[in-house]
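Below: the structure, in structure tokens.
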Amino acid sequence: MPEIKVTPLGAGQDVGRSCILVSIGGKNIMLDCGMHMGYNDDRRFPDFSYITQNGRLTDFLDCLIISHFHLDHCGALPYMSEMVGYDGPIYMTHPTKAICPILLEDFRKITVDKKGETNFFTSQMIKDCMKKVIPLNLHQTVQVDDELEIKAYYAGHVLGAAMVHIKVGSESVVYTGDYNMTPDRHLGAAWIDKCRPDILISESTYATTIRDSKRCRERDFLKKVHESIERGGKVLIPVFALGRAQELCILLETFWERMNLKAPIYFSTGLTEKANHYYKLFITWTNQKIRKTFVQRNMFEFKHIKAFDRSYADNPGPMVVFATPGMLHAGQSLQIFKKWAGNEKNMVIMPGYCVQGTIGHKILNGQRKLEMEGRATLDVKLQVEYMSFSAHADAKGIMQLIRMAEPRNMLLVHGEAVKMEFLKGKIEQEFSIDCYMPANGETTTVTTNPSVPVDISLNLLKREMALGGPLPDPKKPRTMHGTLIMKENVSFMLVSSEQALKELGLNEHQLRFTCHVQLQDPHSDADTLHRIYTHLKSVLKGYTIQHLPDGTVIVESIVIKVSSSAEDSNTKVLLLSWSYQVKTWTLFLEGLPMQSKPGSSPNHLVIESLF
Amino acid sequence: MKLYCLSGHPTLPCNVLKFKSTTIMLDCGLDTTSVLNFLPLPLVHSPRLSKLPGWVSKDGTINLEKELKECAGRVFVDAQPEFCLPERELLDLSTIDVILISNYHCMMALPYITEHTGFTGTVYATEPTLQIGRLLMEELVNFMERVPKAQSATSWKNKEIQRMLPGPLKDAVDKELFGAVQVSPLSSGYSLGSSNWIIQSHHEKVSYVSGSSLLTTHPQPMDQSSLKNSDVLILTGLTQMPTANPDGMLGEFCSNLAMTIRAGGNVLVPCYSSGVIYDLLECLYQFIESANLGTTPFYFISPIANSSLEFSQIFAEWLCHNKQTKVYLPEPPFPHAELIQTNKLKHYPSIHGDFSSEFRQPCVVFTGHPSLRFGDVVHFMELWGKSSLNTIIFTEPDFSYLDALAPYQPLAMKCVYCPIDTRLNFHQVSKLLKEVQPLHVVCPEQYTQPPLTQSHRSDLMLELQPPPMPYRRCSVLNLPFRRRYERIYILPELANSLVPSEIKPGVSVATVSALLHSKDNKHTLQSVPKPPPMPPSKKRKRVIEEPPVALAPKPMLSGAVALEAFLATLQKHGITEVKVEETADGHILHLQAEDTLIQLEEDGTHIVCDSEPLRTTLRDLVLRFLQKL
């Protein structure tokens, strides 16, 4: 039985360093190649030695697919391709291809230049790695090789995020990457065909959450920001440069406009403007409303939001600052946090998920004393707020996607084990499909039962379809008979037996049987034959029954002759001859008009011999 | 498989393909060359045009002076221009399932099909084709409605277009139609988002090639290799200027432009609002400084000028590699963004409004429509036509420039003809066909003979073996391929139950008796369920009521029964008294104790036996020697 194997090297019962190996139909595919924000040691990257202990990965992988530009999905890419060694194709969408190298470079700078790590990938490696990237268009089937094909679908999560359908023969797997089933202020909702994959590998960040309406969350967010500003506090919103940042900027921009607010909003780092440029140039990946109006008003040109300078953090008075990175694990957001943490008037709003080990995660869990580098501690007095703005599907969304794609099996990654367990139960209950949640390095094997594609001769197919009458009822199954020719296990052809003989250059071998049956019948030979003929005609409706002048009756390949016995003219000898393939035998015998002589029971005899 | 040809214009095609159970329209071009027979529609009253004499036949018997006007020896219709629509009587257009659009120039007749025929299908076009095509339609409607004529002769109405868009238009992607055929767009390299289409099932492949280019301009390069292994290749949209080299024309365009400006004249470029204009602007961007034109204003006037320029910047997926790389930086892929930023290029929706106050001469104006019959270009013809300092440079190949200029004669302004048509020329297309090797080629009849004006140029036609099948307007072609196979899926349970036997090395056969399910043009085979056991008393009756079609028929037999081996087998089964008699075709075996004859021949075996158990035994013994198919 064919099977599909799935092994997470990262993101198995965890969030971070997404990297999933899939073996399907003899092909090995790596899905995502991320880094873990919670670690600074070897655990930062997936353990590629699982694939091979030494040597390059090229021989072991048919392709690598990156779902989106977040570093927990692509952060290990240059390490994997340039340092471990992989020269095969890397697929990602155009926006991911554009943005990914910038974030990688940013990551490299923080790690090498600021933290002084060595043995890390270089700028050149990022460039070399990006040269191996083949861009993917949405809904376009890409043939990786003769057997393996992939197709990308819109995932909504961030600009350019994609889900991917991987297909070999009639087996297939869908990997969602991170996705969002509800459209937001700048992106649309994820969507996929009813493609019925053998396995749907889904993220499950919010496996147990069912979020209240978007509108409520937005109102809450604006209220909190507004209150803080009103009492003269400073608001820090740690974000990643692309994604939530743009959505929240659009939100605040419109709010500021409406409320005529004057407090400054800043956006940290030079990435801002650049990031917004990406949104402008890839506007086709944003939601419908933005796409429709971009000629008149580009939503990514902000009036109220200005570039941040480090010195502004000490300015008096209220302000709102968007700073990177989003989990407070390094960089500018952490610096500002340290400055503002001591004042209870200030506020930090965490708009997204925080990985274990990051400061973001710690303060969200209520920790009020933080150990910093050099044994210093930091007292957290400012208000800490969490607002789920990260664009992941919640439990409802995941169930919705299952309904859309109708997978045969479900596999959860990119979530916490406890939460997964809960969702797994729900999925198995509601959809009656198996749901798996392998840990890192653990292999899930799913047996598939693919149907075998065969080429059927159109003649045979049409003949069978025509048998159902002039207008065959498409719902009613029909029986068909044919011969399957298999050549070298690669070509499968289903043809009629006659055509099979012809195709294979074989001659037909006729097998015939003849027997004599004695009957008591006082009529003349000709009369007896005629009686048989008329009787058969009345019984075998719809069959061609011929009475030939030479004294034979023919039904299909059955030939009947009658002659009188030499001793007794009342005893007739019936000569029956038929071929091996004759179909009407039963009916024919049912139709025989006369009783056979005791002892020789031809009816019984013939029935038994043929059926 | 049939092809219905609804348009005779080779670059504005409209064909309908019937393939398997689907009806697919390929492009929906609107032939606008007919507008050349009409008088221009001026934006402001033109005393010259209104004073043109009416036409009266020489003997004075026919007087149509209200409708026909004469100008410089030619007669024009004084009415709203009419277009030549695709043929609508050749087949019932409401039966069309889908319309595939290859580029934004080939979709202008869509409203006529989608709104007036009971069409209920879907139109597929790539995202850029869809967006820019929509803009070009709006522009055309705007040109017409701005200057209503009393005598109306067109069914182009704004409302219709509004209703048509965006309803059935879908983003083109690899699509399965009714489970029967797969359609997928391939980049064709001609314009932003332009595509050729592959229409295929598991066993048949039709390629539709329309408006393709191998030149490196702004669009994504043409995908040639995917066209390989086509059974039929439908070829339309070759260059209309087979003798003009686009690069040379571009050079001429620049030098004429510079010369006119230096001499203090204005340059008028009648053009479409999307397409070659992007390349012209890019060329000028590089040329302006070196030609010392830094202070010359460039104007682009069209109701969709702004949208066209903006949209051109957002389709990175559909651009050539260099432009894609710019987007990754991120920078706008086209340099006209910079021309606009530095105020060198200005765009206006029309000559009215801001333009009239900001307009400075000498200048360069890009505006439509290239037929010179409507749009803002008419105004500039009236304004600049009288001065020999000015130049009009034709770059669009769709209209004969002499015909376009006819109603403006006599004309003092200079005329330069630099048609830029990047579509495939005959040399390129024969090379392409040699590479992709389609079994059959279908093309407009114009491509099977040299152009009328250059009848000696046998290099300006398609010469293929086998010769291409030509079509003209209203042709119905039977496409020459027979479908022989169809894809069917054998469900795993049935597949496991099959018993293959090897006939020759590497070739096995298995007889299959199965239930055939056909749904959405997808066929599957599954095992025949075992009939439920029937009460014995009723058994006989049942058999008669339901003819035993569900039972597997006996297979065909092949091979031969070898005499010696067969005799040995008989002996093993206790049949020892066998008399063998040689005949012309084989042997007759007389089983003396059993009073049975077996006739063994190369292609047949005949068992004459009255005892049923023995016959069964003999049959099974014979079958051991034969292959079942």
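The values are calculated or read from the model by the stated rules, or taken from the named source; none is laboratory data. Please read these numbers as outputs of a predicted model, since none were measured by experiment. Positions of Cβ are backbone-derived with ideal geometry, glycine not excepted, and every protein chain shown enters the neighbour counts.
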*Does B:THR605 satisfy the condition of being of a type in the set (Ser, Thr, Tyr), under 23 Å from A:LEU504 (Cα atoms) and touching a helix residue (DSSP H, G or I) at 6+ places or on another chain (Cβ under 6 Å)?*
yes
*asked:* Whether any residue in region B:561-574 is within 14 Å of chain A (Cβ to nearest Cβ), at negative phi and in a helix (DSSP H, G or I) is what I want to check.
replied: yes
*Report the residue count in region B:501-513 for those that are under 15 Å from A:GLU503 (Cα atoms), among the hydroxyl-bearing types (Ser, Thr, Tyr) and more than 7 Å from chain A (Cβ to nearest Cβ).*
0
*So which residues in region B:321-339 are within 13 Å of another protein chain (Cβ to nearest Cβ) and surrounded by fewer than 19 Cβ atoms within 10 Å (Cβ to Cβ), if there are any at all?*
B:HIS321, B:GLN324, B:THR325, B:LYS326, B:LEU329, B:GLU331, B:ALA337
*Within region A:484-498, track down each residue that is more than 7 Å from chain B (Cβ to nearest Cβ), in contact with a Ser or Thr (Cβ under 6 Å, 6 or more places away or on another chain) and not β-branched (Val, Ile, Thr).*
none
_Which listed residue is acidic (Asp, Glu), buried (at least 16 other Cβ atoms within 10 Å of the Cβ) and modelled with pLDDT of 75 or more, from B:GLU139, B:GLU160, B:GLU89, B:GLU145_ = B:GLU139
*Criterion: in contact (Cβ under 8 Å) with a residue 12 or more places away in the chain and in contact with a helix residue (DSSP H, G or I) (Cβ under 7 Å, 6 or more places away or on another chain) - qualifying residue of B:THR23, B:THR33*: B:THR23
*Take B:VAL56 and decide whether it is surrounded by fewer than 19 Cβ atoms within 10 Å (Cβ to Cβ), without any contact (Cβ under 8 Å) to a residue 24 or more places away in the chain and more than 16 Å from the chain's Cα centre (by Cα).*
yes
_Residues within region B:1-50 that are outside any strand (DSSP E or B), of a type in the set (Val, Ile, Thr) and over 30 Å from B:GLY353 (Cα atoms), tallied_ = 2
*So which residues in region B:293-307 are in a loop (DSSP other than H, G, I, E, B) and closer than 15 Å to B:GLY265 by Cα, if there are any at all?*
B:LEU293, B:THR295, B:THR296, B:PRO297
*Just a yes or no: is a residue in region A:579-594 of a type in the set (Phe, Trp, Tyr), out of contact with any Ser or Thr (no Cβ under 7 Å at 6 or more places or on another chain) and modelled with pLDDT of 80 or more?*
yes
*Where residues in region B:300-311 are crowded, with 24+ Cβ neighbours inside 10 Å and out of contact with any helix residue (DSSP H, G or I) (no Cβ under 7 Å at 6 or more places or on another chain), which of them is nearest to the other protein chains (Cβ to nearest Cβ)?*
B:ALA305
*From the residues in region B:537-574 that are closer than 15 Å to B:ASP620 by Cα and among the basic types (Lys, Arg), which one is modelled with the highest pLDDT?*
B:LYS572
*asked:* Condition check: buried (at least 18 other Cβ atoms within 10 Å of the Cβ), closer than 30 Å to A:ASN28 by Cα and aromatic (Phe, Trp, Tyr). Does A:TYR353 satisfy that?
replied: no
_Among the residues that make up region B:598-613, is at least one of them in contact with an Asp or Glu (Cβ under 8 Å, 6 or more places away or on another chain), more than 9 Å from chain A (Cβ to nearest Cβ) and either in a helix (DSSP H, G or I) or buried (at least 17 other Cβ atoms within 10 Å of the Cβ) (or both)?_
no
*Name every residue in region B:565-586 that is surrounded by 14 or more Cβ atoms within 10 Å (Cβ to Cβ) and in contact with a Phe, Trp or Tyr (Cβ under 9 Å, 6 or more places away or on another chain), in order of residue number.*
B:PHE566, B:THR569
*Do any strands (runs of 3 or more DSSP E) entirely within region A:175-274 hold 1 or more residues that are more than 30 Å from the chain's Cα centre (by Cα), and if so, which?*
A:234-238, A:265-267
*May I ask you to list the residues in region B:353-376 that are farther than 21 Å from B:VAL276 by Cα and touching a residue at least 60 places away in the same chain (Cβ under 8 Å)?*
B:PHE359, B:ARG360, B:GLN361, B:PRO362
*Report, by residue number, each residue of region B:435-459 that is in a helix (DSSP H, G or I) and crowded, with 16+ Cβ neighbours inside 10 Å.*
B:VAL436, B:GLU445, B:GLN446, B:TYR447, B:THR448
*Given the structure, is B:LEU402 over 23 Å from B:TYR285 (Cβ atoms) and surrounded by fewer than 20 Cβ atoms within 10 Å (Cβ to Cβ)?*
yes
*Name the residue, out of B:LEU462, B:LEU432, B:LEU477, that is closer than 17 Å to B:ILE234 by Cβ, surrounded by 14 or more Cβ atoms within 10 Å (Cβ to Cβ) and touching a helix residue (DSSP H, G or I) at 6+ places or on another chain (Cβ under 6 Å).*
B:LEU462
*So which of B:LEU494, B:LEU498, B:LEU516 ends up being buried (at least 19 other Cβ atoms within 10 Å of the Cβ), of a type outside the set (Asp, Glu), within 7 Å of chain A (Cβ to nearest Cβ) and without any contact (Cβ under 8 Å) to a residue 40 or more places away in the chain?*
B:LEU516
*Only one of (1) buried (at least 21 other Cβ atoms within 10 Å of the Cβ); (2) touching a Pro at 6+ places or on another chain (Cβ under 8 Å) is not met by B:ILE101, so which one is it?*
(2)
*State yes or no: is B:ILE314 β-branched (Val, Ile, Thr) and surrounded by fewer than 23 Cβ atoms within 10 Å (Cβ to Cβ)?*
no
*Scanning region A:562-573 for residues that are in a strand (DSSP E or B) and in contact with an Asp or Glu (Cβ under 9 Å, 6 or more places away or on another chain), which turns out farthest from the other protein chains (Cβ to nearest Cβ)?*
A:SER564
*Any residue at all in region B:617-627 that is more than 8 Å from every other protein chain (Cβ to nearest Cβ), more than 18 Å from B:GLY559 (Cα to Cα) and in contact with a strand residue (DSSP E or B) (Cβ under 8 Å, 6 or more places away or on another chain)?*
no
*Looking at region B:620-629, which of its residues are assigned to a helix (DSSP H, G or I) and under 60 Å from the mean Cα position of the chain (by Cα)?*
B:ASP620, B:VAL622, B:LEU623, B:ARG624
*Any residue at all in region B:280-289 that is in a loop (DSSP other than H, G, I, E, B) and touching a residue at least 40 places away in the same chain (Cβ under 8 Å)?*
no
